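The values are calculated or read from the model by the stated rules, or taken from the named source; none is laboratory data. Quantities reported herein were computed from a predicted structural model and do not represent experimental measurements. So basically every Cβ, Gly included, is an ideal-geometry build from the backbone, and we count neighbours across all protein chains shown. In case anyone asks, the SASA skips ligands and DNA or RNA and just uses the protein heavy atoms, side chains included. Shrake-Rupley method; radii C 1.70, N 1.55, O 1.52, S 1.80 Å.
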Amino acid sequence: MVPRRQEYGVKRSGGARSGSVINFRTTLNSGSVRRSSAVLPSVLTFLVIVASGGLLLMIEKGMLNSMDTPPPRGSGKRLDFIRQAGKHSPGVVDVESQILQEIRNRTIKTVCSQKNMPHSIWSLSPLQRKTLLQHILVNDQYHFLYCYVPKVACSNWKRVLKVLSGALESVDVNIKMDHRSDLLFLSSLKPEEIRYRLKHYFKFMFVREPMERLLSAYRNKFGEIESYQKKYGVEIIKRYRKGRAKDTSVTGDDVTFAEFVRYLLDEDVERMNEHWMPVYNLCQPCAVSYDFIEFVLQRIRAPPYVHFPERQTWYKPVTTETLHYYLCSLPQKLLRELLPKYILDFSLFTYPLPNTTTEHCRH
């Protein structure tokens, strides 16, 4: 079948500056495997056991709703070191990045192979499928599908798609981003057109450490966006702040992070706002076989004038210190209850659970 439309495409990688590319089907270079053989087996064995055993049982039995958070698996300092080293010398982290990608590959493959997990978009519930299709952007000219995740450089990727379609002159044009116009979503296509693209197009997505993404959404939406303050902030304050239930003067511009977390605990993950909905629910990595290539823009053969835009000057990055402050200031009971809602994001994408022990927080 010939694709119905022609639209967009993508240039250099480094891609999402605040996220990381997920490789679901790439295999390791044999030389790299040999050099890393002492590290890889034990880590993979541990992750596969966790993914295929206890985690899946808890998901299947619905036990995650009431479970306590497992003890921290480290501070993530090793990955921070790898990311920092890579900024200056990409060759230094080549082996480590490949190991990380292979761990993610095998973890995802193991988890998604379980009988209770979705194996195609057509096995999803209507609500799940609607959410997924509304988050996959299509480019027929360069034959790729991009599942966008809010707070993971998705605005910049949308700019790239608009440039490739001719709807935008340059990614550097200083205009307010329209997240709907001049973009083709998979949800707008017919079932047979969707099947064709899922089978034949290059598919990619980006992820970000779950709590970092959550904090970024909180600071942006409740600290800067009036519409979110009015729609969500007012409701949160009236619901969770004592004595404010009927206060008509509430503006919603001073929601605390703890109040935001309490709100999330009462939310159904499948009906959350996309800015804090788990990545698993947005992009359904078990139902869609995402591909990976290190240099996405080169992989789809985007024209050389298209490049990934620089970070916006107004953007306030979530630093390690900032995340440490917010998580350590949060009542630990709330954090223990929150993590299970994002456990698939932590587990599938192999992010360590946050370390908020008293000793760690003291520093």
The rounded separation in angstrom of the Cα centers of region 178-201 and region 148-175 is 17 Å
So for region 139-210, using the alpha carbon gyration tensor with a ≥ b ≥ c as root eigenvalues (a/c under 1.5 gives rounded; past that, a/b versus b/c decides prolate or oblate), I'd call it oblate
By the mean-Cβ-within-10 Å protection proxy, highest first, 105-117, 344-356 rank as 344-356, 105-117
Along region 210-225, Karplus-curve 3J(HN,Hα) (6.51, -1.76, 1.60; θ = phi - 60°) to the nearest Hz, with x for Gly and Pro, reads x, 6, 5, 5, 5, 5, 4, 5, 4, 5, 6, 6, 9, x, 9, 9
One finds the C-alpha centres of region 214-283 and region 319-362 to be spaced, in Å, by 18 Å
Of the listed links 109/130; 158/199; 109/162; 203/231; 115/151; 176/242, those spanning more than 27 angstrom between alpha carbons are 109/162; 203/231; 115/151; 176/242
Output ordering of 240-250, 318-328 (per-residue mean of other Cβ within 10 Å, highest first) is 318-328, 240-250
Diffing region 199-208: the Karplus 3J(HN,Hα) column from phi (6.51, -1.76, 1.60, θ = phi - 60°), in whole Hz with x for Gly and Pro, holds 7, 10, 8, 6, 10, 8, 7, 10, 10, 8
Rounded to the nearest 10 Å², the 1.4 Å probe accessible area of residue 195 is 120 Å²
Residues whose built amide H sits under 5 Å from the amide H of residue 206, excluding neighbours closer than 5 in sequence, are 149
Log entry: pair-distance distribution for region 202-297, C-alpha pairs binned every 10 Å from zero, whole % per bin is 14, 39, 26, 14, 5, 1
